[in-house]
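Data block below; observations after.
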Amino acid sequence: MIFGALLVIARVTESGLDDPDPARQRPGFIDAGGLPQPAPPLTGAALPPGRRAVVFFVRPEGVAGLCEASSDADLSSRADLVVVVSGAGNCGSASTVNDPTGRLAAAYGLRQPKAGGPPVGYAIVDSRGRIRYRTLDPAVADELGEVATILRAVP
């Protein structure tokens, strides 16, 4: 009975922005799936060597919420923040890159969500410029504590 209730709750909280393979969404460990690998360059936003970075991938309607949450979470003191928007958008607290074609999300290895369209999630880049973690996370603005935890594990 309890297991059935938990299954129903899990199904209700799913979204079309989730990864089609639940095991690949927020797996809880770094260096999975062929990682680390060099982070592709970001047009208009440099990832300086020797400093970690969080590269967020969002849709235009999610920019304001992510920017507000990330400034409240003070992630910028731990890493450089880049917001890649799959359309038009700007985030005053972080470098912003507009990527309407989804080319950057694909280059960073983010998978396409169940419902299609551009992915929503993030990649963690270490101080040597390598992607160490990437995941789809449609609720990333609400999960920034998790991002901070991963940053602590990345050199």
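Need pairs with beta-carbon distance below 9 Å; first residue free of Cβ contacts under 8 Å to residues at least 60 places away in the same chain and within segment 110-134, second assigned to a strand (DSSP E or B) and among the basic types (K, R); sequence gap 6+ or separate chains.
Every condition considered, the pairs that remain are L110/R134.
Please go through segment 37-63 and give me each residue that is assigned to a strand (DSSP E or B) and free of Cβ contacts under 8 Å to residues at least 60 places away in the same chain, ordered by number. Give the derivation first.
Pass one, segment 37-63, residues assigned to a strand (DSSP E or B): 37-38, 42, 45, 53-58.
If the condition is that a residue be assigned to a strand (DSSP E or B) and free of Cβ contacts under 8 Å to residues at least 60 places away in the same chain, then A45 is the only one that fits.
Suppose we filter A105, A94 for residues that are in contact with a Pro (Cβ under 8 Å, 6 or more places away or on another chain) and free of Cβ contacts under 8 Å to residues at least 60 places away in the same chain; which single one remains?
A105
Do we have A141 as surrounded by 16 or more Cβ atoms within 10 Å (Cβ to Cβ) and under 17 Å from P38 (Cβ atoms) here?
Details: surrounded by 16 or more Cβ atoms within 10 Å (Cβ to Cβ): yes; under 17 Å from P38 (Cβ atoms): no.
No: the conditions fail for A141.
Check A148, A88, A123 and return the single one that is surrounded by fewer than 16 Cβ atoms within 10 Å (Cβ to Cβ), at pLDDT 90 or above and of a type in the set (A, V, I, L, M, F, W, C).
Exactly one of A148, A88, A123 is surrounded by fewer than 16 Cβ atoms within 10 Å (Cβ to Cβ), at pLDDT 90 or above and of a type in the set (A, V, I, L, M, F, W, C), namely A148.
Select from segment 137-155 the residues that are out of contact with any helix residue (DSSP H, G or I) (no Cβ under 7 Å at 6 or more places or on another chain) and among the small types (G, A, S) and write down the one among them that is nearest to S127 (Cα to Cα).
Of everything passing the filter in segment 137-155, A153 is nearest to S127 (Cα to Cα).
The values are calculated or read from the model by the stated rules, or taken from the named source; none is laboratory data. All values reported here derive from a predicted model rather than from experimental measurement. We place every Cβ from the backbone using ideal geometry, glycine too, and count neighbours over all the protein chains shown.
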